[in-house]
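The values are calculated or read from the model by the stated rules, or taken from the named source; none is laboratory data. On a predicted model such as this, the values are computed, not experimentally measured, just so you know. Virtual Cβ from ideal backbone geometry, glycine too; neighbours counted across all protein chains shown.
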Amino acid sequence: MKFTETSLPGVTLVDIEPHVDDRGYFARVWCEKEFRDHGLNPNVVQINTIVSHTKGTLRGVHFQHAPHAEAKYVRCLQGSIFDVAVDLRPDSPTFCQWYGTELKAGDGRMLYVPEGCGHGFQTLEDQTEVVYQATTTFAPDSATGVRYDDPAFNINWPIDVSNLSDADGSWSEFSSELAFASSAVEA
């Protein structure tokens with residue numbers, strides 16, 4: 001696997017390195033040792049899948065507070081998405097900045113979103129499926145989010161939003177109380 005740091009500390013692109021022959025290819029998409037060697041949290045405790053039926057569906061921006069702060073490792077299995085990480089760590093030099101990238105089926109690219117960052121994505125095609133690994137189980141009492149269109153972040157979503165859950169549309173605008181304190185972010 002090839003690990004590429006992004007403009008946000010800890011947010012990392014992970015690309016497969018396929019071994020190709022006449023049958024197709026073989027590639028590793030997960031390796032605990034390589035994650036640890038690159039300073040990423042390798043503790044996968046939950047794997048989730050999401051199917052969105054329509055292009056323009058937006059999910060997020062979600063995160064969990066400590067002690068249930070989670071890292072996510074995101075891959076698009078069908079269709080394509082614009083995947084976004086938002087830095088919510090007050091001690092970070094990129095606090096309130098976001099990073100976005102396109103992930104599409106078959107490209108072998110994944111995005112690692114560390115603890116302390118919010119995560120959201122928008123589907124760029126109908127019938128898009130996403131799978132992500134999480135380092136912590138879902139904890140409803142710790143789960144929250146920030147608005148996808150919050151002026152504090154000014155995320156440049158690539159297309160108009162066609163579908164949004166009531167919960168994602170009702171998050172409050174960002175305030176520093178929602179941010180992770182540096183002591184609350186799990187290493």
Checklist entry - Which one is farthest from the chain's Cα centre (by Cα), of the residues in the range 6-21 that are assigned to a strand (DSSP E or B) and exposed (fewer than 13 other Cβ atoms within 10 Å of the Cβ)? => result D21
Next on the checklist: Take the residues in the range 113-136 that are among the hydroxyl-bearing types (S, T, Y), in contact with a His (Cβ under 9 Å, 6 or more places away or on another chain) and closer than 21 Å to L40 by Cα; name whichever of them is surrounded by the fewest Cβ atoms within 10 Å (Cβ to Cβ).
Outcome noted: T136
Checklist entry - Out of all the residues in the range 70-96, which are small (G, A, S), under 13 Å from the mean Cα position of the chain (by Cα) and not in a strand (DSSP E or B)? => result A71
Checklist entry - Only one of (1) of a type in the set (G, A, S); (2) without any contact (Cβ under 8 Å) to a residue 60 or more places away in the chain; (3) surrounded by fewer than 17 Cβ atoms within 10 Å (Cβ to Cβ) is not met by A139, so which one is it? => result (2)
Checklist entry - Of the residues A134, A71, A152, A85, which single one is out of contact with any strand residue (DSSP E or B) (no Cβ under 6 Å at 6 or more places or on another chain) and within 24 Å of R36 (Cβ to Cβ)? => result A71
Checklist entry - Among (1) modelled with pLDDT under 95; (2) outside any strand (DSSP E or B); (3) under 18 Å from the mean Cα position of the chain (by Cα), which single condition is T144 missing? => result (2)
Checklist entry - Among the residues of the range 97-130, which ones are of a type in the set (A, V, I, L, M), closer than 16 Å to K55 by Cα and part of a strand (DSSP E or B)? => result L103, V130
Next on the checklist: Residues that are assigned to a strand (DSSP E or B), without any contact (Cβ under 8 Å) to a residue 12 or more places away in the chain, farther than 27 Å from I155 by Cα and of a type outside the set (A, V, I, L, M, F, W, C): does the range 22-42 have at least one?
Outcome noted: yes
